[in-house]
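Some notes on the structure that comes next.
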Amino acid sequence: MNIFSSGKMEKEVKVMIQNHFNLVSDCLENTIKMLVAIKEKKGNPTDSTFIIHKKEKEADIIRREILKKIETGAFMPSMRSELLNLIERVDSVANKCECVGDYYSLFRPDFSDNELSQLIEIAEMSKEAFRVLHEAYNDLFDDFSLVIPLCQKIEYLEEKIDRIEWKLQTEVFKDKDIAMNILKKDFIMSLCNISDRIEDASDMLEVMVVRRKI
Amino acid sequence: MFRIIPGALLGWGLGANDTSNIFGTAVSNNIIKFTHAAIITSVFVLIGSYLEGPKTFDTIGNLFGQLTKNDIFAIALGAALAVAFFTYLSLPISTSQAVVGSILGVGFINGQQLDPYRLIKIVLCWITTPIGAFIIAFILYTLLEWVFTKIKYGITFYNNFIKIGIIISGIFGAYALGANNVGNITGIYAVQMDMGLSPKLWALIGGVSITIGVITYSKKVMVTVGKKITQMVPLMTLVAVMAESITMIIYTQIGVPVSTSQAIVGAVAGVGAVKGFSNVNFKSLGRIGIGWIMTPISAGIVSILVKVIL
């Protein structure tokens, strides 16, 4: 056995974290599908919401299993808390997708086609940011030097989302229907919060690398 | 036989205190269990004591001419009390300096002829210990930094490197501690007391007293010391322990027991200096200077008092 490779328990945890990442990614994918369904008026948007709920629940189960596994001794103690913190942050992305889906199902804010296009753009960019996060996580185990540039890419995408959000909020409030504006504003904020959470997770990755930088 | 008791106490104190410099951070950060650290330390202290311990006996034992049994008792008790007192004040105490101070105290009160060559050699070694450890740590860390910029590595490699490195440096540190410091414990007995025991056997007795200190009391000190320096990255700790151990081995070959505590302070400063001199804790280095003067003086005074009482 190569002494510089992972132990059995660590390998298991790494597989579980990959699965967790995939489930959260599915939540993001279904958030996009939901917005596309609203815009194209094809199918029922709440179908995607149900899938998000299902995937989020599965992600939660895996998160708890990872927690148990890590607490029984996988990885060095100093790394355990960092890894748990990272998983919590990744999991919060799925939670937020669930919130976005629920919000739409409950309040049905009435967005224009142009606004929906921008919302889809935000959701797609969030998905891209999450893909980069996943790549950065893999590089954490393979090559430290690649992690920070990927985290910077996430930061760049998040800034781009912030700019679209600002523009969208300004447009939304041109309408005279205040009640609907507030519903729309909250939905936009909730959707944009997904990329904030992805950025939080990437911050944790950066911390893990910087702490070990030689 | 009771005259060996202060020596054994000195060994116990050394085992309880100085092993914290070897595995303190690793144990307090749960990188290695205390039981494992204590076993590794005990085994390699004994090996180091037995194989190389007698190399420092001559320097310590022949600083003055012939000493009586009461003189030896006063020297060992004076050193043991001084070590206990300085440990209480949380100063980086050196057993070597306490023992030499005690010998000087008793020797002077006896009016005996001092071997100035040996004393100069000892004092020079004290001064150069933290400096040597500083330089070795600086070079080691710079080299390691260079190697790590040349290779592709992730967190698994890094963690395993730290884990294995800490165990290897710990083994080396324990060996160096036994080899270099056992002279402080039984060196004077081996040279001055004719009990029919070989120097290697005296070294082994000293090693046993150190391991008793490791097993019975070092956990508390390890955790305290470890938590105090947790701001250090594990790799820095590993390099510092390695540099300290190399320093100790070098001085063992010269035949002078030196301070592990002062070597580790110098090594930590050396590792910090790689990232810039603003990272060097000059206050800690200053405390070494105080130790150089205060430890031998106080040990000398205590040994004189014991000698007068006897």
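The values are calculated or read from the model by the stated rules, or taken from the named source; none is laboratory data. Keep in mind it's a predicted model, so treat the numbers as computed, not measured. Neighbour counts are summed over all protein chains in view; Cβ atoms, including those assigned to glycine, are modelled from backbone coordinates with ideal geometry.
For A:Asp196, state whether it is surrounded by 15 or more Cβ atoms within 10 Å (Cβ to Cβ), closer than 22 Å to A:Asn85 by Cβ and away from chain B (no Cβ under 14 Å).
Yes; evaluated as a whole, the condition is true for this residue.
Residues checked against (1) surrounded by fewer than 20 Cβ atoms within 10 Å (Cβ to Cβ); (2) more than 25 Å from B:Ala37 (Cα to Cα); (3) not hydroxyl-bearing (Ser, Thr, Tyr):
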| site | (1), (2), (3) |
| --- | --- |
| B:Phe73 | no, yes, yes |
| B:Ala79 | no, yes, yes |
| B:Val83 | no, no, yes |
| B:Ile109 | yes, yes, yes |
| B:Leu124 | yes, yes, yes |
| B:Thr149 | yes, yes, no |
| B:Ile171 | yes, no, yes |
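For B:Gly206, indicate whether it is away from chain A (no Cβ under 14 Å) and surrounded by 19 or more Cβ atoms within 10 Å (Cβ to Cβ).
Answer is yes for this residue.
With the condition kept exactly as written, say whether any residue in the stretch B:196-203 is touching a residue at least 12 places away in the same chain (Cβ under 8 Å), among the polar types (S, T, N, Q) and more than 14 Å from chain A (Cβ to nearest Cβ).
No: the stretch B:196-203 contains no residue that is touching a residue at least 12 places away in the same chain (Cβ under 8 Å), among the polar types (S, T, N, Q) and more than 14 Å from chain A (Cβ to nearest Cβ).
Across the stretch B:163-184, which residue is farthest from B:Ser259 (Cα to Cα) among those that are within 14 Å of chain A (Cβ to nearest Cβ) and touching a Leu at 6+ places or on another chain (Cβ under 6 Å)?
If we take residues in the stretch B:163-184 being within 14 Å of chain A (Cβ to nearest Cβ) and touching a Leu at 6+ places or on another chain (Cβ under 6 Å), then B:Gly165 is farthest from B:Ser259 (Cα to Cα).
Looking at the stretch B:128-151, which of its residues are aliphatic (A, V, I, L, M) and at pLDDT 90 or above?
B:Ile131, B:Ala133, B:Ile135, B:Ile136, B:Ala137, B:Ile139, B:Leu140, B:Leu143, B:Leu144, B:Val147
Can you name the number of the only condition in (1) over 15 Å from the mean Cα position of the chain (by Cα); (2) of a type in the set (Phe, Trp, Tyr); (3) modelled with pLDDT of 95 or more that A:Phe141 fails?
Here A:Phe141 clears every test but (3).
So is A:Asn44 touching a helix residue (DSSP H, G or I) at 6+ places or on another chain (Cβ under 9 Å), more than 14 Å from chain B (Cβ to nearest Cβ), surrounded by fewer than 17 Cβ atoms within 10 Å (Cβ to Cβ) and modelled with pLDDT under 95 or not?
Judged against the criteria, A:Asn44 is a match.
Tell me whether the stretch B:42-60 contains one or more residues that are in contact (Cβ under 8 Å) with a residue 24 or more places away in the chain, small (Gly, Ala, Ser) and under 30 Å from A:Met79 (Cα atoms).
Yes, some residue in the stretch B:42-60 is in contact (Cβ under 8 Å) with a residue 24 or more places away in the chain, small (Gly, Ala, Ser) and under 30 Å from A:Met79 (Cα atoms).
When the residues of the stretch B:189-225 are filtered to those that are at pLDDT below 80 and under 17 Å from the mean Cα position of the chain (by Cα), which remaining residue is farthest from B:Tyr50 (Cα to Cα)?
Applying the filter and picking the extreme gives B:Val225.
Which of (1) surrounded by fewer than 16 Cβ atoms within 10 Å (Cβ to Cβ); (2) under 29 Å from A:Lys8 (Cβ atoms); (3) away from chain B (no Cβ under 14 Å) is the odd one out, the single condition A:Gln152 does not satisfy?
The number of the failed condition is (2).
Where the second residue is of a type in the set (Lys, Arg) and the first is more than 7 Å from every other protein chain (Cβ to nearest Cβ) and lies in the stretch A:131-146, which pairs have Cβ atoms under 7 Å and are six or more apart or on separate chains?
Every condition considered, the pairs that remain are A:Val132/A:Lys153.
Filter the stretch B:145-159 down to the residues that are under 24 Å from A:Gly7 (Cβ atoms) and either under 26 Å from the mean Cα position of the chain (by Cα) or among the polar types (S, T, N, Q) (or both) and list them by number.
B:Thr156, B:Asn159
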